[in-house]
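The values are calculated or read from the model by the stated rules, or taken from the named source; none is laboratory data. Not measured: the values here are computed from a predicted model. Cβ sites come from the backbone with ideal geometry, for glycine too, and all protein chains shown count toward neighbours. Heads up: the accessible areas ignore ligands, DNA and RNA and are worked out on the full protein's heavy atoms, side chains in. Shrake-Rupley method; radii C 1.70, N 1.55, O 1.52, S 1.80 Å.
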Amino acid sequence: MPFTNFPHGFSNGISVRGMPILQTQPGQVYWVDNSVQLNPQARSGSDGNRGTYLDPFATLNFALTQTTPGRGDIIVVNAGHFESISSATVLLLTSSDVAILGMGTGASRPTFMFTTATTANIPVTGSGISIQNCLFLCNFAAVASVFTGISASVTASIASTTMTVTAVGSGTLYPGAAIMGTGIIPGTRILSQTSGTTGGIGVYVVSFGQTFASGTITTGPQDFSIDSCEFRDISSVLNFVSIVTSSASAQAMAGLSFTNCVISSLGTTAATTAIKLSTATDRVKIADNFGCFAILNDTACMLAAGANNVTNFEFARNHLERPNTSSTGGSFISTSGTGWTGHAYDNYLYQLDATAGIWIATGTGGAFGFTNNYSPITGAVDKSGLVNPAAV
């Protein structure tokens with residue numbers, strides 16, 4: 001007997017008030033709401049509550065501590081919820097395979113205001129975490145990053161699902177983080193720690209049974225997804241410098257997805273770039289975003305990768321504006337890496353460089369393809385863009 005009237009599922013997915021649910025719900029559902037508008041019979045949000053619809057938690061951070069890595073929990077953040085991010089310890093995206101779903105539209109969306117310090121940010125330690133339909137506001141000068149990837153490097157061995165850490169080179173181990181190393185099954189996560197120093201030397205449970213002789217293991221927040229969120233500067237001096245900054249470990253943020261977002265970037269005094277990757281990164285998707293950036297010549301507005309290569313990279317259907325008059329290195333993507341792979345297609349990019357008109361650095365490698373990308377190359381303010389790089 002079927003449990004619903006749709007025993008074969010939903011062929012086009014399912015949405016709640018216009019927001020797509022990106023994963024099934026095998027785990028628990030928790031509610032977060034500290035707004036003053038209460039539903040009938042509902043209690044005010046408190047981290048001492050049960051986390052239900054009528055008895056919600058008050059903070060997203062506490063809700064995350066109640067999730068179980070790998071279970072597929074969902075956290076619903078109610079319309080009208082507000083939190084102030086004043087340091088790097090207020091909100092930690094830990095656990096794994098958790099979907100954070102904001103409710104409401106416009107100003108009623110869950111709002112996170114960055115204040116007090118340039119170092120105020122949201123560290124991301126867990127893998128497979130997604131966040132949707134939230135508003136992020138900057139109310140402090142040159143806040144370095146909204147989300148910061150956190151990684152660690154240790155010496156460890158694995159027998160079945162038991163990982164034994166004998167030395168810590170750098171960082172802290174967190175339940176939910178992906179682990180990486182030569183011969184380790186891709187997608188393996190730390191589920192829990194059973195003994196030892198918290199986040200350090202000790203014994204851990206991992207998600208996939210395997211054998212790994214003692215060697216170097218790194219961790220990172222792989223498969224982090226940001227969807228349908230808005231990032232807004234209050235003014236040209238109260239601004240985000242970046243939205244996502246990767247950690248220092250190679251492939252720590254593999255699987256990063258940034259989709260359907262809106263960026264209103266007003267900063268003109270720092271290297272404002274939405275995503276900054278400091279290491280080689282695989283499976284990056286940047287698609288269907290709209291962004292307006294202030295003039296900052298010779299600074300890429302969407303992605304900066306330094307000398308690193310981004311592989312299996314999808315850059316699609318973005319509508320971006322940075323009216324730079326100089327684009328050395330690329331107005332939208334900058335890199336000196338020559339081994340990129342993937343495809344950039346159907347992007348609409350506005351700039352005002354009459355000399356070069358470069359939107360992505362040249363020399364990214366023959367395995368990286370371009371199709372139907374439009375960008376002005378004459379510097380004229382009232383002309384539509386041309387195919388760029390030019391069709392041949």
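Structure notes:
- Spin-label model, Thr371 to Arg50: label points 7 Å out along the Cα-to-beta-carbon direction sit 5.2 nm apart.
- Centroid-to-centroid, using Cα positions, segment 230-286 and segment 105-158 are 10 Å apart.
- The packing ranking, built from the mean of other Cβ atoms within 10 Å per residue, places the peptides 121-132, 87-98 in the order 121-132, 87-98, highest first.
- Rounded Å value of the spacing that divides the Cα centres of segment 173-211 and segment 297-314: 30 Å
- Rounded to the nearest 10 Å², the accessible area of Lys285 at probe 1.4 Å: 80 Å²
- Total formal charge among the other residues, if their Cβ is under 11 angstrom from that of Leu191, Lys/Arg +1 and Asp/Glu -1: +1
- Cα gyration tensor category, rounded, prolate or oblate, for segment 131-250 with a/c compared to 1.5: prolate
- Theoretical FRET efficiency, 1/(1+(r/R0)^6), r = Cβ-Cβ of Ser86 and Thr355, R0 41 Å, to 0.05: 0.40
- Using a Förster distance of 45 Å, the FRET efficiency for Leu38-His319 (Cβ separation, nearest 0.05): 0.70
- Seen from Ala316, the other residues with C-beta closer than 15 Å to its C-beta sum to a net charge of -1, counting Lys and Arg as +1 and Asp and Glu as -1.
- Percent accessible area from carbon and sulfur atoms, the chain, protein chains only, probe 1.4 Å: 57 percent
- Antiparallel content of DSSP bridges confined to the chain, in %, to 5: 30 percent
- Segment 26-141: C-alpha gyration tensor shape, a/c 1.5 cut-off, then a/b vs b/c: oblate
- Global form of segment 181-274, assessed from the alpha-carbon gyration tensor, a/c cut-off 1.5: prolate
- Segment Thr378-Thr161, length gained on full extension (0.36 nm per residue, minus Cα span): 72.2 nm
- With each label modelled as a point 7 angstrom along the Cα→C-beta vector, the Ser235-His343 pair spans 4.6 nm.
- Rolling a 1.4 Å probe over the protein heavy atoms gives segment 277-324 an accessible area of 33 Å² per residue.
- Packing-based ranking, highest mean first, of 65-73, 39-47 given that Cβ atoms within 10 Å are counted: 65-73, 39-47
- Sorting the segments 349-359, 204-214 by their mean number of nearby beta carbons within 10 angstrom, highest to lowest, gives 349-359, 204-214.
- Distance between the 7 Å Cα→Cβ label points at Thr115 and Ala213: 5.6 nm.
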